[in-house]
Amino acid sequence: MSQQSDTLSTARPYLLSAPALLLYVGVFMIPLIMTFMLSFYTFDITRGGILSGFSLENYTEVLSDSYFHKIFLRTFVLSILVTVFCVLLGTPEAYILHNMSSRWKSICMLAILGPLLVSVVVRTLGWAILIGSDGLINNTLMALGLIDEPIKLMFTMTGLVIALVHVLIPFMVLSVWAALQKLDPMVESAGQSLGASSFTVLRKIVLPQIMPGVLSGSLIVFALTASAFATPSILGGRRLKVVATTAYDEYLGTLNWPLGAAIAVLLLLANILIITSYNKFIERKYAQAFK
Amino acid sequence: MRKNTPLALVFNALFLTFMLAPLVVICLVAFTSKGYISLPTDGFSLRWFRAILDNPHFIDAFYLSLMLGFASATIAVSIAVPASLAFARYKFTGRAAIMAFFLSPLMVPHIVLGVSFLSFLTKIGWYGSFMGLVFTHVIIIMPYALRLVLSSITGLDQSAESAAASLGASNWVVFRRVTLPMIIPGVAGGWVLSFITSFDEVTMSVFVASPSTTTLPVRMYEHITETIDPLIASLSASLIFITMIVMLILDRFYGLDKILVGKGK
Amino acid sequence: MSFLHLEGLTKHFGDFVAVEEVNLTVEKGEFISLLGPSGCGKTTTLQMIAGFVNPTKGKIFIDNQDITELKPSKRNLGIVFQSYALFHHMTIHDNVAFGLEMRNINKAECQERVIETLSLVHLEDFAHRFPRELSGGQQQRVALARALVINPEVLLLDEPLSALDAKIREDMQIELRSIQRRLGTTTILVTHDQSEAMAMSDRIAVMNNGRLAQVDRPHRAYEHPGDNFVSNFLGKSNTFKGQVKDVSDGTARINASGVDFLARNDLFEPGTTVNVSVRPEKIQFCEPGKGQIDGSISTRIFLGNQWVFQVDSDIGEFVVVGQNTGREVVEEGHKVGLNWSEREVRVLPMENQA
Ligand SMILES: Nc1ncnc2c1ncn2[C@@H]1O[C@H](COP(=O)(O)OP(=O)(O)O)[C@@H](O)[C@H]1O
Ligand SMILES: [Mg+2]
């Protein structure tokens, strides 16, 4: 801003970001690198636990064992299902919010976004109480005589999908909502004045413009589901292991840190790969729209 | 503005029910007088709320989480402000790369951070220390703090600062009297979001929390995996009440959507 | 020597030349406008004077002191920005008092000067409000008061009125000018609006592509533009390319596509290619064949106080402006003669780059 000697003003931005930079290198980069290295170590209970060295043993184990295949596949399917439901429910909800009067809109927004501020443990507990075998849904349905025996939701994929959709759908609504905010309100009126029906306006004018919001929302939901831990752990338990709970068990259950590290590294790589390629795809597809 | 059809309003009602059902159920169950999970059919009882106070386990964890949130949000914001100033005000080599680096914890699943921090803290002998917890939480919340602070600095009209300088204010006075007061709302918003994110975090904390330094969500998680009883429901209900108050305040001052847009990746 | 002096002031942003060799002298108490199209380097020049941009080359003197290296906070200049740049977290009073506070002026005197300056801009009743509670025009006057209260050596105004509505803008032009006259503060106004510059300034400095094109009193710059750019930027002009055929007694005969223009000239030698230009309001209609050239009216636009005609002729299109005197005027499609006096024809050099 003001005149300083040239060296000082060149150094200044680096000085300003130095505290954060130091912290990141010390407490973020180094731990990640340690985990990466750890994933090449071996674990042998008879020889005293973790043995340093370099071996691909953990990776070959994870990539060849059908037990792990099943877990990775389950995590993937779970993420797809949750994402699809979030898109199908969250997008229309965001659009409905968009069309509401501002008073109702802010009330509904509070109800939808408020849960984001509540710990995921608490929200999952709510579902555990609702869907447990003697949970409220089953008890009510049985008391009403609608079913004879409890519907199995706890420890099933269905229960897990329901709870994860609940946990993550606010991100979807938020993302589409942000896209809708950028929409010129006159565009819709213009479309209608040109003789398009409401449905056509929605499909041909609104949807293409909020597509970037839908896509980035899907990415958030997908990535967060793929690495979700608390909800699958509480509602899926040992019976429905996902990648995150498996890594947890390796670390804190069997104490096989190297194997847990390998699983973590694979999860991280998959995550980064999906995020960056998806972003590339969106950028390419919507390059013109963003210019 | 177009009107919603009746069908849309029904959808909206169902959607809101879905969003609120689990929270409402917790709040109802918390008032039961029975010793197991059930609706308070025979009157509201505060029995299980009183039980929380008799449980030092949870009380200690609650205080620890409060302090942790306080410390990590404060540290995160105070390093996010200078970093944001650098990004908003200077063009420098590596600017984009450093910025991406600062946001990159968002791309790393918390479980991965958890295992990494566990090895790291064990290695340097900080496992089980409060400071260890604080630093790991700072990493997790930095991206959120940075985004909100940065957007408030970028949105700032820089000419107000030039005006102050031309009126005779030194760099430091300009920062203290003009820049800081103008970005305070964004900084405060970043602090609150950071605090809440830290306070709620469970996945990473499960790894780095030791028996003596356990955060509230971790303790609750551990409790739930063993048993689901009215005690945990009343505790959760209390958290929901507190959150509601915070949320109403936040919404009043900022608009919830504006703060939380920063929460997405 | 003059009060404010810019000497070869130059600013490059990398390879891009934003301001090139600007030399300008401003007398004490003078009101001068930097006028030019958007992007021509006006703001950059002003920011160099204020100290927010380091000149690549050149010097700035105020009262014979070289201030080129001085920090902005030490220059004692008053600056008013287009965006007002008020401190939104302070009251109007505190905004205005800020500069005095920085000068450690005691409470009582500070209070007095704030009130005095606020009444100068008719805002003494608003001292305890916050900027957001004021209208755009009022906010701009706060910004002016804040800049004036420190008794600046020079007042710098960067498009201060361009965010205001047309009506308020005109009122503010008059008010600003009268305040400046009363205080006698040396003032530099940056604007892209030629009528604003002409209405307010003692002199205008027309800028083009980072260079000063002409510095003159408004009337003189309008009547005797130094080049084609100035001629067209300060109002409309009918400009044609031609060649000087002969010069006698200070009057040149210039041939443009077969039509001869007579013009006062003692600059250009016979044989030079030049531009000749006549302002639209200096042309009268007459019977076809009786004027310098004939044409036919292609469009006619009524603007209330005046008419604007487009006239097709053999050498191109003319724009002619006539006062609305209440009488009927020639209609579209009619043939007319165009007449002007040789005193109104300007001869300008060809742009060498074109
Ligand atoms: N900091 C900068 N970096 C690069 N180019 C700049 C910078 N500031 C101004 N410019 C360029 O210099 C030219 C002149 O800008 P400016 O002085 O703001 O013009 P004006 O005020 O006359 O509209 C413009 O083309 C602008 O893009
Ligand atoms: Mg400008």
Can you give me the three principal axis dimensions of the stretch C:315-354 from its C-alpha atoms, in Å, biggest first? 44, 23, 16
Considering Cα pairs under 8 angstrom that are at least six residues apart, work out the relative contact order of the stretch A:65-289 and quote it in whole percent. 27
Whichever aspartates and glutamates have a C-alpha closer than 16 Å to that of C:K71, once near sequence neighbours (fewer than 8 apart) are set aside: A:D6, B:E161, C:E153
Could you sort the peptides B:167-178, A:214-225 by per-residue average Cβ neighbour count (10 Å cutoff), highest mean leading? A:214-225, B:167-178
Using a 1.4 Å probe on heavy atoms of the protein chains only, the accessible area for C:K245 in Å², nearest 10, reads 100
Can you give the calculated 222 nm mean residue ellipticity of the protein assembly as shown, where each DSSP H run of n ≥ 4 adds -39,500 (n - 2.57) and the sum is split over every residue, rounded to the nearest 500 deg cm²/dmol? -17000 deg cm²/dmol
Quote the convex hull volume per residue of the stretch B:54-163, based on C-alpha atoms, as a whole number of Å³. 137
Among B:100-108, B:198-206, C:273-281, the order from most to least packed when residues are scored by Cβ within 10 Å on average: B:198-206, C:273-281, B:100-108
From largest to smallest, what semi-axes in whole angstrom does the stretch C:1-40 give when each is the square root of 5 times an eigenvalue of its alpha carbon gyration tensor? 23, 14, 5
Within chain B, which whole H helices from DSSP have a Cα span along their axis of at least 24 Å and a mean Kyte-Doolittle hydropathy of 0.0 or more, if any? B:6-29, B:56-89, B:130-154, B:180-200, B:230-253
List the residues whose amide H sits under 5 Å from the amide H of C:Q214, counting only those 5 or more places along or on another chain, with H placed 1.01 Å from N in the peptide plane. C:V206
Counting only other chains, what is the mean number of Cβ atoms within 10 angstrom of the Cβ of each residue in peptide B:152-163? 5
Taking beta carbons within 10 Å but only from partner chains, what does the mean come to for residues C:83-90? 6
Using only the alpha carbons of chain C, what is the convex hull's orientation-averaged projected area in square nanometres? 22.0
Within 10 Å of each Cβ in A:28-39, the average number of Cβ atoms from other chains: 6
Cα-based Rg then Dmax for the protein assembly as shown, in Å, read 36.6, 119
Using Cα-only point scatterers and the Debye equation, what is log10 of I(q)/I(0) for the stretch C:236-352 at each q in 0.21, 0.22 Å⁻¹, rounded to two decimals? -1.11, -1.19
Using θ = phi - 60° and the Karplus relation 6.51 cos²θ - 1.76 cosθ + 1.60, list the HN-Hα couplings for the stretch C:111-121 in order, rounded to whole Hz, with x at every Gly or Pro. 3, 4, 5, 5, 4, 4, 5, 5, 6, 4, 9
Under the 7 Å Cα-to-Cβ spin-label approximation, C:D15 and C:E133 lie apart by a distance in nanometres of 5.4
Which of the pairs A:K182/A:K285; A:K105/A:K280; C:K42/C:K282; C:K11/C:K241; C:K57/C:K241; C:K11/C:K236 have their Cα atoms more than 25 Å apart in this structure? A:K105/A:K280; C:K42/C:K282; C:K11/C:K241; C:K57/C:K241; C:K11/C:K236
Across the Cα atoms of the stretch C:13-93, what radius of gyration and what greatest pairwise Cα-Cα distance (Dmax) are found, in Å? 14.4, 44
How many percent of DSSP beta bridges within chain C run antiparallel, rounded to 5? 80
Just to be sure I understand the curve: with the Debye formula and one point per C-alpha of the stretch B:1-101, what is log10 I(q)/I(0) at q = 0.17, 0.19, 0.21 Å⁻¹? -0.89, -0.97, -1.07
Excluding same-chain residues fewer than 8 positions from C:K59, which aspartates and glutamates have a Cα within less than 15 Å of its Cα? C:E7, C:E20, C:E21, C:E69
Grab the Cα-Cα distance for C:N339 and C:N106, subtract it from 0.36 nm times how many residues apart they are, and report the gain in nm with one decimal. 77.1 nm
Just the number: Rg to Rh for the stretch A:65-289, Cα atoms, Kirkwood Rh, two decimals. 1.04
Share of Cα-Cα pairs in the stretch B:121-245 beyond 23 Å, in percent? 53
Using a 1.4 angstrom probe on the protein heavy atoms only, could you order A:Y67, A:Y59 from most to least accessible area? A:Y67, A:Y59
Here the FRET efficiency for B:F241 versus C:I174, based on Cβ atoms and R0 = 51 Å and rounded to 0.05, is 0.25
Gap in Å between the Cα centre of the stretch C:181-237 and the Cα centre of the stretch B:74-132? 55
R0 = 60 Å: FRET efficiency of A:S197 with C:E69, Cβ-based, nearest 0.05? 0.30
Mind giving me the nanometre distance, one decimal, between the label points for C:S195 and A:K285, set 7 Å out from Cα along Cα→Cβ? 5.2
Can you tell me the order of B:27-35, B:239-247 when each peptide is scored by its average per-residue count of other Cβ atoms within 10 angstrom, highest first? B:27-35, B:239-247
Span from the the stretch B:159-201 Cα centroid across to the the stretch C:107-177 one, whole angstrom: 26
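The values are calculated or read from the model by the stated rules, or taken from the named source; none is laboratory data. Not measured: the values here are computed from a predicted model. With ideal geometry, Cβ positions are generated from the backbone for all residues, glycine too; neighbour counts draw on all protein chains shown. Heads up: the accessible areas ignore ligands, DNA and RNA and are worked out on the full protein's heavy atoms, side chains in. Shrake-Rupley method; radii C 1.70, N 1.55, O 1.52, S 1.80 Å.
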